[in-house]
Amino acid sequence: MEQLHYIHGTSVSEQQRLKLLNKLTNPPFIRFIDPNPNDTVLELGSGVGVLAAEVAQKLSSGIMTGVEFSEEQLSQCPEEYDQLRFIQGNVHDLPFDDHTFDKVYGRYILEHVAKPDLVIREALRVLKPGGTVYFQENAILNLDFYPECPKFKSLWRKFVELQSELGGDAMIGIKMYYLLKRAGFQKLNLSVAPQNHHYDQPEFHMWVDNIIGNADSAREELVRRGKVSTEEFQNAVEELQQLKNNELASCYFCWNRITGQKPL
Ligand SMILES: C[S@@+](CC[C@H](N)C(=O)[O-])C[C@H]1O[C@@H](n2cnc3c(N)ncnc32)[C@H](O)[C@@H]1O
């Protein structure tokens, strides 16, 4: 099965960034998928398992399953119990029978896979008829700061280029309607999850740190491929560090969301 280089990698600092991002984005995401106590739920690319564990807490007779291909990520997952399990597997070729789950969701995964159309078809296959799929994905150029951060914005565009060279798609968030409709999902609904923060909120610092960490996970590869020099990278990050200390600063971003139903 074709597999691409995962742009963020699985270093300890990257795993910490992912946990931080979970803190910021889990509560609204759990409201979005609105699990019922007896749902069977699947997460595609469950990472370090923080979100899956929080969803499992909402279940009584239901079961939350996370599928993830990286052993390093799986080794960080919370302990399994009746309502929570993690399985090593590739989301292009899900190790589940047809019609298994009430809900299948993916968050920050379609941007990283070699064949998003295949992953979406797999989600359709393993859903029960009438079951629902949920995605929350990046269109990472949605990002804006004030005061503006031109050096970081330039680095961010290089990040998009690199992700595409590695076989991923940092702008997949705007393509989901096309992909899900083509796969045969019905009752599609688009929305966004805002991520707007300003200096006076503690989340502002967490969010800017997440963005810096995001870029940092790709630093070596960006420099190795000559997309930025080490100095340009440092200057771009310094711009965001200064933003964090600017009491007049704010930042705007939104995740792109979609839901769809498998035909009955
Ligand atoms: C950005 S993380 C998101 C993790 C989690 N969904 C969350 O929201 O915290 C993406 C995860 O997808 C995993 N991944 C990437 N490609 C995969 C594939 N083809 N099959 C299974 N997991 C994959 C990566 O190892 C990584 O842990």
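Observations, loosely collected:
- You will find that of Val55, Val126, the residue that is at pLDDT 95 or above and closer than 26 Å to Cys254 by Cα is Val55 and no other.
- The residue list Phe101, Phe86 contains one member that is closer than 18 Å to Tyr134 by Cβ, modelled with pLDDT of 95 or more and more than 8 Å from the ligand (Cβ to nearest atom), which is Phe101.
- Taking the numbered list (1) more than 26 Å from Met206 (Cα to Cα); (2) in contact with a helix residue (DSSP H, G or I) (Cβ under 8 Å, 6 or more places away or on another chain) in turn, Pro37 passes all entries but (2).
- Against the numbered list (1) within 11 Å of the ligand (Cβ to nearest atom); (2) in contact with a Leu (Cβ under 9 Å, 6 or more places away or on another chain); (3) assigned to a helix (DSSP H, G or I), Phe135 comes up short only at (3).
- Subset of the range 216-262 (residues that are buried (at least 18 other Cβ atoms within 10 Å of the Cβ), hydroxyl-bearing (Ser, Thr, Tyr) and modelled with pLDDT of 95 or more): Thr259
- Qualifying residue in the range 183-196 (condition: aliphatic (A, V, I, L, M), assigned to a loop (DSSP other than H, G, I, E, B) and either touching a strand residue (DSSP E or B) at 6+ places or on another chain (Cβ under 9 Å) or surrounded by 14 or more Cβ atoms within 10 Å (Cβ to Cβ) (or both)): no
The values are calculated or read from the model by the stated rules, or taken from the named source; none is laboratory data. As the structure is a prediction and not an experimental result, all values here were calculated from the model. As a convention, Cβ positions derive from the backbone with ideal geometry for all residues, glycine included, and neighbour counts pool all protein chains shown.
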